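The values are calculated or read from the model by the stated rules, or taken from the named source; none is laboratory data. This structure is a prediction, so every number in the text was calculated from the model and none was measured. When we count neighbours, we look across all protein chains shown, and the Cβ atoms used for this are built from the backbone with ideal geometry, even at glycine. When the accessible area is computed, the model is the full protein with side chains, heavy atoms only, and any ligands, DNA or RNA have been set aside. Shrake-Rupley method; radii C 1.70, N 1.55, O 1.52, S 1.80 Å.
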Amino acid sequence: DTGVSQNPRHKITKRGQNVTFRCDPISEHNRLYWYRQTLGQGPEFLTYFQNEAQLEKSRLLSDRFSAERPKGSFSTLEIQRTEQGDSAMYLCASSSTTGRGGYTFGSGTRLTVV
Amino acid sequence: DAKTTQPPSMDCAEGRAANLPCNHSTISGNEYVYWYRQIHSQGPQYIIHGLKNNETNEMASLIITEDRKSSTLILPHATLRDTAVYYCIVRVESASNTGKLIFGQGTTLQVKP
C-alpha cells in the first residue's frame with residue numbers, strides 16, 4: 001500500500017457534463033475526507049466519511065455534488081451539471097480513527113470545466 | 001475560518017535554518033498544532049504535530065510557546081526541495097470528532113541558492 005490514490009489525475013469536461021472522481025484510501029484508514037482547492041487558496045473541506053457513513057458535509061457541497069463510500073473502502077465524488085466555477089483541484093485524504101499523526105493526502109484530481 | 005495566522009511569504013538561504021512562525025491565540029486546551037506543506041501540484045504532506053511539548057522528527061522541529069498561543073516550525077537545513085506552501089493548523093484529536101482540517105492561506109517558503 002503506497003498511500004492514497006486518486007483517479008483520474010486530470011479531467012477536462014464541458015460545462016453541463018457530469019464527472020466522477022475516485023479515491024482509494026490507505027486500506028486500514030477508516031476516515032476519508034474530500035477537499036477542494038482553487039488556485040492560490042488553501043484546501044477547503046467538502047465532506048467526511050467514517051467507514052461507509054457520511055458524517056459531515058460542508059455547505060460548499062451543493063446539490064450537484066454527491067459523495068459515496070460503499071463498503072467503507074474507496075470513495076467517489078460526483079459533480080453533476082458541471083459549471084466553470086467547479087474548476088479546481090479535488091483532494092482526498094484518509095486517516096486512522098483519531099487522525100493522530102496526520103492525514104495522508106492523495107495527489108488530487110485537477111478538474112477543468114470549459 | 002482558520003484559527004491560525006501566518007506570514008504570507010518568507011525566503012531562506014539554502015543550507016540555513018528556516019523558521020516559520022504561526023499565531024494561534026484562540027487555541028483550546030485540547031487542540032493540537034499541526035503543520036503540513038504543499039509542494040506545487042501535489043497534495044499536502046504531513047510534517048509534524050504537537051500539543052504542549054516541543055517535538056522533533058526527521059523532517060522538522062516544532063517549538064510551541066508555553067502559553068500555546070504561537071508556534072514555530074523549524075527546518076534545520078533548508079534545501080531547494082523545501083520550497084513549498086506551509087500550513088499551520090489547529091485541530092482536536094478525538095475519535096468522536098470529525099477531525100477535519102481548516103486550512104488558512106499558509107506561508108510560501110522560497111529557498112534560494
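Here are some notes:
- Within the stretch B:17-28, tally of residues that are open to solvent by 30 Å² or more (accessible area, probe 1.4 Å) and either closer than 17 Å to A:Tyr103 by Cα or touching a Leu at 6+ places or on another chain (Cβ under 9 Å) (or both): 3
- Screening the stretch B:39-63 for residues that are closer than 24 Å to A:Leu91 by Cα and open to solvent by 20 Å² or more (accessible area, probe 1.4 Å) and picking the one that is nearest to the other protein chains (Cβ to nearest Cβ) gives B:Tyr46.
- Residue identified as touching a residue at least 12 places away in the same chain (Cβ under 8 Å), of a type in the set (Asp, Glu), away from chain A (no Cβ under 14 Å) and farther than 21 Å from A:Thr97 by Cα among B:Glu14, B:Glu66: B:Glu14
- Taking strands (runs of 3 or more DSSP E) as the structural unit, those lying wholly within the stretch A:11-114 and holding at least 2 residues that are in contact (Cβ under 8 Å) with a residue 60 or more places away in the chain and either closer than 30 Å to B:Asn30 by Cα or among the β-branched types (Val, Ile, Thr) (or both) correspond to A:31-37, A:88-95, A:109-113.
- Scanning the stretch A:45-101 for residues that are open to solvent by less than 10 Å² (accessible area, probe 1.4 Å) and within 10 Å of the chain's Cα centre (by Cα) yields A:Leu46, A:Thr47, A:Tyr48, A:Ser75, A:Leu77, A:Tyr90, A:Leu91, A:Cys92, A:Ala93.
- Any hit, the stretch A:106-114, residues being at the interface with chain B (Cβ under 10 Å from one of its Cβ atoms) and surrounded by fewer than 21 Cβ atoms within 10 Å (Cβ to Cβ): yes
- Residue identified as within 14 Å of chain A (Cβ to nearest Cβ) and either over 24 Å from A:Tyr35 (Cβ atoms) or of a type in the set (Val, Ile, Thr) (or both) among B:Ile102, B:Ile74: B:Ile102
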